[in-house]
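Asker: Below is one structure. I have some questions about it.
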Amino acid sequence: MNHDQDETDLYQQKPAIVCRDLRKSYPGKPVVEAVRGLNLQVNRGECFGLLGPNGAGKTTTIEIIEGLLQPSSGDVEVLGRSWTRDGEAIRQRIGVTLQETQLSDKLTVRETLDLFRSFYRTGITVDVAMKSVSLDEKKDARISQLSGGQKQRLAVATALVGDPELLFLDEPTTGLDPTSRRQLWEILRAIRDRGKTILLTTHYMDEAERLCDRVAIVDHGQVIALGTPRELIASVGGDHIVEFSVVAEQHSRADAFRLLALADVTSVRDEVDRWSLNSKMAHHTIPALLSYLEAENLALAGLTTRQASLEDVFVKLTGRNLKEEQTA
Amino acid sequence: MTQPSSSSSSPQHPIYHLTMARIMEFLRQPDAVFWSYFFPVLMVLALGLAFNKRQEPPVLVDIVDSQLHEKLNEALKANPRIQLKDASIEQATLRLRTGRTDLLIEKATEGSGHVYVFDPLRPESVSARSLVDDSLQRSAGRKDAVEVSDRSTSDAGGRYVDFLVPGILGMNIMGGGLWGVGFAVVQMRIRKVLKRLVATPMKKSHFLWSLLASRLVFQIPGVVIILGFAWLTFGVAAQGSMMAALVVVLLGALTFSGIGMLVACRANSIEMVSGLMNLVMLPMWLFSGIFFSTDRFPDAMQPIVQILPLTPLISALRAITLEGAGLFEPAQLMRIAILATWSLISFAVALKWFRWT
């Protein structure tokens, strides 16, 4: 007993997830390299987000960590254990929701959870699981009768019945309406507050900002930035974004170097139809910008200012736009 | 946090929940229930009625010369089954070729006789020729050289429907195993349910066992309905033991579940699995003796015919229901061995090749 306890404590001291130089390529012509040397450490008790556009390798990465895919090379440790030696022990301690599982339409909420509960040696009762995702009133409804948000909450409940130490969520709110998204965020925050570790993937920057303690921005199969949302936003050189446009034919008359010299501006981007400035203090930058336009005799067509977001971090790092990537 | 504290032991074994899930999914699909249980019943009814006529079928004869018609009319009156019809040579030839008439009689080009035109490969055509010729020769004064008499065998146990029912039962077991297991597996693969399940600590063998268990549970009402219906409507009764029949049925269900699993073990689209199933089932539909005895196939084909898994299943069922055979006669043991071999091989290969994600 004592020995077991020691061993468990030993595992407890290890991080929830460690990935070292993870690589995954799919054969074909040309060979598709989905993950190219990804390093990651997720600590116990944190909610960690993999943020990136579709096709960045997020799902491949999370499925390797979940033990569903074999990496081409590299090491993965989950809860201090390796998949090759301790697969069963890991599976008993994790909960997974995949990007698109359609659980059997014909079964009820309770039947589905009873089924998943039966796979785990220990866990919470099905009633507690239903309550924690606010589905207790739907317990006898068939899955075909559930809304998209309810189905997604059920998917989370199937991951919770084994009372996992570590919870995986792949694009948990994709395709949900704003109300359902907020409801799911509440549920996930409550899970995190109970001390569970969460790894989620998302291409929504607001989701990552609101839910995650730390975020890794993933692009082309690699982590290109890592930190708390605040740190990442601060790293783009300013909390504010000032965007302005002048009448179209005058656009190229604005000069990037002159703009960069304006008060508190840390960087400048030419967005073709408008200019975007990162600013430490918007209330210093805006008057300076207006005087510059006045001096150059440029006619202001639009002016907006907003808080910098993870979106701006992504744009700054890749020169591309998260949203453009999704529609492309 | 170390070990989940709010633990409560799992209420039932995973195989129970997996099997119940399959059963519930099936029962909550009324159309699936209807097709798997009532289609074979409709088949028994249709074929049973078609081959269970109280009267012998008429013999249809076309005559292409009206003078000849008059001459033959008198002679053929003696046999009421023979129905004569005038037709032009073109019409009659077409009717013969398309099976709408059994025999064509035309005037011989030389002499006063006539010519029978018939299809020697079509049983009705052959029997029409000999029946008509027999009637003509007798009315012209031919005497039988040997005295013979007939006795009919169309009493219960020797009719076509008695022969047919075990065939339909075998077909139902084959279709049920392949579609029931194969389709379910591919659907779960497409819907990513298999992937979700392997992300849990579920034992893969539990999943496969539950597929088998649910298949056996579904097969029992199928057998009861087919046999019950055949007994009620046509008085079809088994000569041998029902327990022996049940053992063979369950072994058959096991074998075809295994083959269903094998067919579905890598397929990831409904089109692909449907094509494979039809490919697997087609030779058995043709050669395994569902509708007629496999003895009709040439000797050279027999090794292939007898090794198809549906053949020993139907033969074993027929031996039990028609001949009252048990399970331990050498011929029956051989059939059981062939079935068991098929199920072992298909399970082993399916397990090895099975794709979960």
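Asker: Take peptides A:95-106, B:262-273 and line them up by average Cβ neighbours within 10 Å, highest first, as a rough protection proxy. Don't skip to the end; give the middle numbers.
Answerer: Details: A:95-106: 20.0, B:262-273: 18.1.
Going by the mean number of other Cβ atoms within 10 Å, highest first, we get A:95-106, B:262-273.
Asker: Just for the stretch B:59-139, what percent of DSSP beta bridges are antiparallel, to the closest 5? Show your work: numbers first, answer last.
Answerer: Values: 4 of 12 bridges.
The antiparallel proportion sits near 35 percent.
Asker: Here is a further query. For the stretch B:261-310, what does the convex hull of the Cα positions come to per residue, in cubic angstrom?
Answerer: Details: hull volume 4.0 nm³, N = 50.
Taking only Cα atoms, the stretch B:261-310 has a hull volume of 80 Å³ per residue.
Asker: Which of B:297, B:287, B:183 moves most in a GNM of chain B, Cα contacts under 10 Å?
Answerer: The residue with the greatest mean-square fluctuation here is B:297.
Asker: Right, something else. Shielding of A:89-97 by partners, i.e. mean partner chain Cβ atoms within 10 Å per residue?
Answerer: Numbers: counts 1, 1, 5, 3, 3, 3, 2, 5, 2.
Mean number of neighbouring Cβ atoms from other chains: 3.
Asker: Sticking with this one: If you average 1/r over every pair of different alpha-carbon atoms in the protein assembly as shown and take one over that average, what Kirkwood value in Å do you get?
Answerer: Numbers: mean 1/r = 0.0314 Å⁻¹.
By the Kirkwood definition, the hydrodynamic radius is 31.8 Å.
Asker: Let me ask something additional. Given only helices, namely DSSP H runs of n ≥ 4 each adding -39500 (n - 2.57), what is the per-residue ellipticity at 222 nm of chain B, to the nearest 500 deg cm²/dmol? Please report the intermediate quantities before stating the final value.
Answerer: Details: 14 runs with 219 residues, N = 357.
One gets -20500 deg cm²/dmol as the mean residue ellipticity at 222 nm.
Asker: I'd like the mean, over residues of A:156-168, of how many other protein chain beta carbons sit within 10 Å of each residue's own Cβ. Before the final figure, lay out the partial values.
Answerer: Working: counts 0, 0, 3, 3, 0, 2, 3, 5, 1, 4, 0, 0, 1.
The per-residue average across the peptide is 2.
Asker: Another question about this same structure. Find the relative contact order for chain A and round it to a whole percent, using C-alpha pairs within less than 8 Å whose residues are 6+ positions apart.
Answerer: Values: 604 pairs, mean separation 61.6, N = 328.
Computed over chain A, the figure is 19 percent.
Asker: Moving to a separate point now. Looking only at chain A, where both bridge partners belong to it, what percent of the DSSP beta bridges are antiparallel (to the nearest 5)? Kindly include the intermediate steps, with their values, before the conclusion.
Answerer: Working: 37 of 55 bridges.
DSSP beta bridges in chain A are roughly 65 percent antiparallel.
Asker: Given 5 Å bins starting at zero, what is the percent of C-alpha pairs of the stretch A:237-307 in each, up to the one with the largest pair distance?
Answerer: 4, 19, 34, 29, 13, 3, 0
Asker: Separate question: From the phi of every residue in the stretch B:329-335, what ³J(HN,Hα) in whole Hz does the Karplus formula 6.51 cos²θ - 1.76 cosθ + 1.60 yield, where θ is phi - 60° and glycine or proline is x?
Answerer: 7, x, 5, 5, 4, 4, 4
Asker: Once you have all Cα-Cα distances for the stretch A:37-100, histogram them in 5 Å bins from zero and send the whole-percent values.
Answerer: 3, 14, 28, 28, 20, 6, 1
Asker: With a 10 Å cut-off between alpha carbons and a GNM built on chain A, which of A:284, A:240, A:203 moves the most?
Answerer: In the Gaussian network model the winner is A:284.
Asker: Counting Lys and Arg as +1 and Asp and Glu as -1, each charge on the Cβ, what is the dipole of the protein assembly as shown about the Cα centre in debye, to the nearest 20? List each step's numbers first, then the result.
Answerer: Values: 73 positive and 74 negative charges, 219 e Å.
The calculated dipole for the protein assembly as shown is roughly 1060 debye.
Asker: Another question, then. Hey, if you put +1 on the Cβ of every Lys and Arg and -1 on every Asp and Glu Cβ in the stretch B:59-139, which of B:64, B:84, B:123 ends up farthest toward the positive end of that dipole?
Answerer: Highest projection toward the positive end goes to B:123.
Asker: Follow-up. How would B:329, A:171 line up from fewest to most surrounding beta-carbon atoms within 10 angstrom?
Answerer: Values: B:329 12, A:171 21.
Least crowded to most crowded, the residues run B:329, A:171.
Asker: How long is chain A along each principal axis, judged by its Cα atoms, biggest number first, in Å?
Answerer: Largest to smallest, the principal-axis extents are 77, 45, 43 Å.
Asker: If you take all C-alpha pairs in the stretch B:240-357, what percent of them are over 19 Å apart? Write down the numbers at each step before the final one.
Answerer: Details: 3535 of 6903 pairs.
Across the stretch B:240-357, Cα pairs with separations above 19 Å total 51 percent.
Asker: Something else: Within a Cβ distance under 13 Å of residue B:93, other residues only, what is the Lys/Arg minus Asp/Glu net charge? Walk me through the numbers before you get to the answer.
Answerer: On the way: positive: B:95, B:97, B:100; negative: B:62, B:90, B:106, B:119.
Neighbour charge sum, excluding residue B:93 itself: -1.
Asker: To continue, here is another question. Please list the three semi-axes, largest first and in whole Å, of the ellipsoid equivalent to the stretch B:153-260, using sqrt of 5 times the eigenvalues of its alpha carbon gyration tensor. Could you put the intermediate results ahead of the total?
Answerer: Numbers: eigenvalues 255, 32, 18 Å².
After diagonalising the Cα gyration tensor, the semi-axes are 36, 13, 10 Å.
Asker: Hey, what's the Cα Rg ratio for the stretch B:59-139 versus the globular rule of thumb, 2.2 N^0.38 Å? Spell out each step's value before the answer.
Answerer: Values: Rg = 11.5 Å, N = 81, 2.2 N^0.38 = 11.7 Å.
That ratio works out to 0.99.
Asker: Of B:78, B:340, B:244, which is the most mobile in a GNM of chain B whose springs link Cα atoms less than 10 angstrom apart?
Answerer: B:78
Asker: Hey, another quick one. Shielding by partners for B:187-200, please: the mean number of other protein chain Cβ atoms within 10 Å of each residue's Cβ. Could the numbers behind the result be given before it?
Answerer: On the way: counts 2, 2, 0, 1, 6, 6, 5, 1, 7, 12, 4, 5, 15, 15.
Mean partner-chain Cβ count within 10 Å for B:187-200: 6.
Asker: Could you tell me how many cubic angstrom of Cα convex hull volume the stretch A:200-280 has per residue? Don't skip to the answer; put the middle values down first.
Answerer: Values: hull volume 9.6 nm³, N = 81.
Convex hull of Cα atoms, per residue: 119 Å³.
Asker: What is the spread of the Cα atoms of the stretch B:76-206 along each of their three principal axes, largest first, in whole Å?
Answerer: 90, 40, 20
Asker: If each residue's Cβ is checked for other Cβ atoms within 10 Å, how do B:216, A:260 rank with the fewest at the top? Don't skip to the end; give the middle numbers.
Answerer: On the way: B:216 16, A:260 13.
Arranged by neighbour count, lowest to highest, B:216, A:260 become A:260, B:216.
Asker: Residues of the stretch A:200-219 with the amide nitrogen closer than 18 Å to a label point 7 Å from the Cα of residue A:185, along Cα-to-Cβ, please.
Answerer: From the stretch A:200-219, the list is A:200-216.
Asker: Need the C-alpha centroid separation for the stretch B:62-89 versus the stretch B:225-246, integer Å.
Answerer: Using only Cα atoms, the two centres lie 46 Å from each other.
Asker: Can you tell which of A:122, A:25, A:208 lies farthest toward the positive end of the dipole of chain A, using +1 and -1 charges on the Cβ of basic and acidic side chains (Lys, Arg; Asp, Glu)?
Answerer: Working it through, the farthest residue towards the positive pole turns out to be A:122.
Asker: Further question: Going out from 0 in 20 Å bins, what whole percent of all Cα-Cα distances in chain B drops into each bin?
Answerer: P(r) for chain B, in whole percents per bin: 24, 41, 25, 9, 2, 0.
Asker: Right, another one. For the stretch A:178-328, list log₁₀ I(q)/I(0) at each q in 0.11, 0.15, 0.19 Å⁻¹, using the Debye formula over Cα point scatterers of equal strength and ignoring solvent, two decimals each.
Answerer: So the normalised log intensities are -0.52, -0.84, -1.13.
Asker: Ok, one more. Can you give the direction-averaged projected area of the convex hull of the alpha-carbon atoms in the stretch B:294-337, in nm²? Don't skip to the end; give the middle numbers.
Answerer: On the way: hull surface 12.4 nm².
So the Cα hull casts an average projection of 3.1 nm².
Asker: In debye, nearest 20: dipole of chain A around its Cα centre with unit charges on the Cβ of K, R (+) and D, E (-)?
Answerer: Values: 40 positive and 48 negative charges, 106 e Å.
Once rounded to the nearest 20, the dipole reads 500 debye.
Asker: Let me ask another. Considering the options B:304, A:99, B:194, tell which one lies farthest towards the positive end of the dipole of the protein assembly as shown, charges being +1 on Lys and Arg and -1 on Asp and Glu at the Cβ, about the Cα centre.
Answerer: Going by the Cα projections, it comes out as B:304.
All of the numbers you see were taken from the coordinates with simple rules; none came from a lab. Everything numeric in this text was worked out from a predicted model, so none of it was measured. Every residue, glycine as well, gets a Cβ built from its backbone with ideal geometry; the counts of neighbours run over all protein chains shown.
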